[in-house]
C-alpha cells in the first residue's frame, strides 16, 4: 500500500561558497522527467556562464526505485549528481528537483571535495524547503440504489475521498477517488450496508 508522503511545496535558491567556487542550489517541485528537463533548461538560461549545471530529481516518493535521475554535467563521474541524489533520497521529501550551478573559483576541490560541496549544497537548501502531505488516491466505480446514495456519500466524505463522476439512471453510477489507505475500510462499510451486494470495481475495463 502506498502511504502518504511529504512533497516539496515551494521553490528556493540557496548559495554556498567553497574555496572561492560558487555553488547555487535551486530546488523546486517536480513530478516528471520532462519537468526536470524544463527546469534545467531554464536554469541554464539564467546562468549561461556557469561552469557546470548538475542536477538530481525525484518524481515520486523518496524511496521510489524508478522515478529519479541525476547528472554530473562534466564534473568527474560520481562527484556531483550522485551525492546530490543521495541527499534527496535521504531527505524524506518526494517530487522535487535540485539543480546546483557551479562557478569555478580557480581551486580544484578533488573527488571528495566535490562530493561534499555538491551534497552539502543540496543538504543546506533542503532546510529551506516547505512541504505538504500527498495522499495516494485510487479511482473506483460503484453502482448503488437511490436509497443507498446518502450512506455511500457519507462513507466517501468520512474517508476524505471525492466523487469524480455521477450518473443517475435506473441506478446511481459513481466514479469515486479514495485514499488508498482507506480503501479496505470503505469496502467493508459498503458490504455491511448492502449485505455484501455493493462492491467497488476498477475503472480499468481490462481489470475485473
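Read-outs: derived from the displayed coordinates by stated rules, not from any lab. Since this is a predicted model, take the numbers as computed values, not measurements. For neighbour counting, all protein chains shown are included, and Cβ atoms are generated from backbone atoms with ideal geometry for every residue, glycine included.
Cα axis of helix 149-158 to longest principal axis of the chain: angle in degrees, 0 to 90, nearest 10?
Value to nearest ten degrees: 30.
Test of understanding: what is the full-extension gain from residue 45 to residue 63, defined as 0.36 nm times their sequence separation minus their Cα-Cα distance? All intermediate terms of the calculation are to be shown ahead of the outcome.
Details: separation 18, 0.36 × 18 = 6.48 nm, distance 3.11 nm.
Gain in length upon complete extension: 3.4 nm.
Between residue 108 and residue 162, how many nm apart are label points set 7 Å from Cα along the C-beta direction?
Each label point lies 7 Å from its Cα, and together they span 5.4 nm.
How high is the relative contact order of the stretch 136-202? Use alpha-carbon pairs under 8 Å, at least six apart in sequence, and give a whole percent.
With pairs under 8 Å counted, the relative contact order is 42 percent.
For 72, 92, 151, which order do you get if you count the other beta carbons within 10 Å of each Cβ and list the fewest first? Could the numbers behind the result be given before it?
On the way: 72 19, 92 13, 151 16.
Listed from fewest to most nearby Cβ atoms, that is 92, 151, 72.
Based on the alpha carbon coordinates of the stretch 34-144, what radius of gyration and maximum Cα-Cα distance (Dmax) apply, in Å?
Both quantities, over Cα of the stretch 34-144: 16.6, 71 Å.
Divide by every residue of the chain the summed helix terms, -39500 (n - 2.57) for each DSSP H run of at least 4, and state the resulting mean residue ellipticity at 222 nm, rounded to the nearest 500 deg cm²/dmol.
Numbers: 5 runs with 62 residues, N = 208.
One gets -9500 deg cm²/dmol as the mean residue ellipticity at 222 nm.
Stick to the Cα atoms of the stretch 129-175, pair each with every other, and give me the Kirkwood hydrodynamic radius in Å at one decimal.
12.2
Against the globular-protein guess of 2.2 N^0.38 Å, express the Cα radius of gyration of the stretch 10-54 as a ratio, rounded to two decimals.
That ratio works out to 1.23.
Relative contact order of the chain, please, whole-number percent, based on alpha carbon pairs below 8 angstrom and at least 6 residues apart. List each step's numbers first, then the result.
Values: 415 pairs, mean separation 48.6, N = 208.
Dividing the mean separation by the residue count of the chain yields 23 percent.
Gaussian network model of the chain, Cα springs within a sub-10 Å range: biggest mean-square fluctuation belongs to which of 21, 70, 194?
Residue with maximal mean-square fluctuation among 21, 70, 194: 194.
For residue 154, project a label point 7 Å along Cα to C-beta. Then give me every residue of the stretch 180-206 with its amide nitrogen under 20 Å of that point.
182-200
Give me P(r) over the stretch 136-202, computed from all C-alpha to C-alpha distances, binned every 5 Å, as integer percentages.
Histogram of Cα-Cα distances, whole percents per bin: 4, 19, 34, 29, 12, 2, 0.
Going by C-beta contacts inside 10 Å, put 5, 146, 55 in order with the fewest on the left.
Taking fewest neighbouring Cβ atoms as first place, the list is 146, 5, 55.
Take the alpha-carbon centre of the stretch 1-59, take the same for the stretch 95-120, and report the distance between them in whole Å.
If we compute the Cα centre of each part, the gap is 13 Å.
Starting from the exponent 0.38 and prefactor 2.2 Å, build the expected Rg for the chain from its residue count and divide its actual Cα Rg by it.
Cα-based Rg divided by the globular estimate yields 1.40.
According to the Kirkwood expression over distinct Cα-Cα pairs, how big is the hydrodynamic radius of the stretch 6-98, in Å?
Hydrodynamic radius (Kirkwood, Cα only) of the stretch 6-98 equals 13.4 Å.
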